[in-house]
């Protein structure tokens, strides 16, 4: 990430989140989704991983369209709808590994509630603004605070569930590797976001945009590390 300070305006520029990077990220994530679907479409895990990559890509496309000035209200709803589903898909993937299925049901209820709110309630969101480096969504602060608890709560829950099973299962080395890469994948965008949020005050209004920009690292880990390991695990189980 390149961070530059403009001496005249004293603003911070994050060149890793420009519209050009958004569309490049969209293309990469779609390519990873296609690759994952081809490799693992016969497994439930592979199909859900493909959906995860597609929803990440949709958010990048939505941001790019917002920065083009193409119906910001519509695309802000599309973008928020896409990322609202992501924490639940992550929990579901982990539930396929640790057999604790009830957690993603709770996620379905919460994500469905937020998704319907963003799509159907007229004042739920009032479009979005392109800052040139990231997108700022205009929504009531109280709603976004509650949304943040849901979102980061499920991300941290996914890390905990992965860690718990990793510690619990000492024998299945392939499963342990999958869970390890899940933890690394989540931390790959949570930690950079935390650093940026802490050090650069102006970015705090664009958390969703910045987090999903860093999430391309998770996309690579999911498609190129986690899914191939899962296919090995699945093959081993079916012998």
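The values are calculated or read from the model by the stated rules, or taken from the named source; none is laboratory data. Here the structure is a predicted model, which is why all the values come from computation and not from measurement. In this analysis, Cβ positions are derived from the backbone assuming ideal geometry, glycine residues included, and neighbour counts consider all displayed protein chains.
Answer with yes or no whether residue 108 is more than 30 Å from residue 228 (Cβ to Cβ), touching a helix residue (DSSP H, G or I) at 6+ places or on another chain (Cβ under 8 Å) and either at pLDDT below 90 or not in a helix (DSSP H, G or I) (or both). In short, no.
Residues in region 27-55 that are out of contact with any helix residue (DSSP H, G or I) (no Cβ under 8 Å at 6 or more places or on another chain) and under 18 Å from residue 238 (Cβ atoms): 42 alone. Applying the criterion of at least 2 residues that are buried (at least 17 other Cβ atoms within 10 Å of the Cβ) and modelled with pLDDT under 80 to the helices (runs of 4 or more DSSP H) found wholly in region 119-233 leaves 207-214.
Looking at region 51-66, is at least one residue at pLDDT 90 or above and under 28 Å from residue 168 (Cα atoms)? Yes, that holds for at least one residue. Among the numbered conditions (1) in contact with a strand residue (DSSP E or B) (Cβ under 8 Å, 6 or more places away or on another chain); (2) part of a helix (DSSP H, G or I), the only one that residue 21 does not meet is (1).
Would you mind finding the one in 61, 32, 56 that is surrounded by 20 or more Cβ atoms within 10 Å (Cβ to Cβ) and closer than 13 Å to residue 208 by Cα? Only one candidate qualifies: 56.
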